Amino acid sequence: DPKIIQKPKYLVAVTGSEKILICEQYLGHNAMYWYRQSAKKPLEFMFSYSYQKLMDNQTASSRFQPQSSKKNHLDLQITALKPDDSATYFCASSQDFWGPYAEQFFGPGTRLTVL
Amino acid sequence: GDSVTQTEGLVTLTEGLPVKLNCTYQTAYSDVAFFWYVQHLNEAPKLLLRSSTDNKRTEHQGFHATLHKSSSSFHLQKSSVQLSDSALYFCALRRNNNNAPRFGAGTKLTVKP
């Protein structure tokens, strides 16, 4: 059974629209993260959360907003979509935010294409 | 800021040959951990190796790496590559008080029969 679920697997959107990428983890982890991977930037850290609290935000744009309704959920809302947002978005989680149990496990990803 | 450099974008080898994927870094911090992730085609990245101890060899699944702080390097090696090793390999560093890894650009390893 998959321990980190990302939905949908593939997503096509039009420029200017808004989409929400879903991430749920069933590993009992306390920290969750979002990454983006595209041809221009192979693997790019975006956000980290620990116990539903934002720890780090390395995205330059406010169009990207993480949403954590439960400790094991970290969704990513993207507004005013642009073609440059086309990428695979990976969710990850770790047992703890730092220390020896901070190893991150990645979900299968959502491939977003913006037309 | 922190940075990780992987000099080879693409490496193509014949099965059975040794491989060395280079990784060098820059950081002003001493409390840092280093990682190698592997990503097979259409899959998620998975942790392959990690280390924070200078001059100590770490091994997993036939791969090994040794952190050398004197040369700011954490190269990945394997003595004999297999077809199944074809994948994208990322080197990364992370400060121990901040779980936001900085990744290198990645090296695509292709192993041919």
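Here are a few things to note about the model shown:
- Qualifying trypsin sites (Lys or Arg not before Pro) for segment A:1-46 [loop in DSSP, other Cβ within 10 Å: at most 13]: A:K3, A:K9, A:K40
- In this structure A:V12 has an accessible area near 100 Å², from a 1.4 Å probe over the protein heavy atoms.
- A:I5 accessible area, assembled protein chains, probe 1.4 Å, Å²: 50 Å²
- Pairs exceeding 23 Å between alpha-carbon atoms, taken from B:K69/B:K112; A:K19/A:K71; A:K7/B:K46: B:K69/B:K112.
- Solvent exposure ordering (accessible area, 1.4 Å, most first) of A:T79, B:T5: B:T5, A:T79
- Cβ-placed point charges (K, R +1; D, E -1), dipole of segment A:52-99 about Cα centre in debye, nearest 20: 160 debye
- Cβ neighbours within 10 Å from other chains - mean over B:81-94: 1
- Peptide A:86-95 - average C-beta neighbours from other chains (10 Å radius): 1
- Charge sum, other residues only, whose C-beta stays under 15 Å from B:G104's C-beta, Lys/Arg counted +1 and Asp/Glu -1: +4
- Selection from B:L76, B:Q26, B:T14 lying farthest towards where the dipole of chain B points positive, charges on Cβ: B:Q26
- Measuring nothing but how far apart in sequence close Cα pairs (under 8 Å, 6+ apart) lie, relative to its length, chain B scores a relative contact order of 37 percent.
The values are calculated or read from the model by the stated rules, or taken from the named source; none is laboratory data. Everything numeric here is computed off the predicted structure, so don't read it as measured data. Reconstructed Cβ throughout: ideal geometry from the backbone, glycine too, with neighbour counts over all protein chains shown. What goes into the accessible areas is simple: the full protein's heavy atoms, side chains included, and nothing from ligands, DNA or RNA. Shrake-Rupley method; radii C 1.70, N 1.55, O 1.52, S 1.80 Å.
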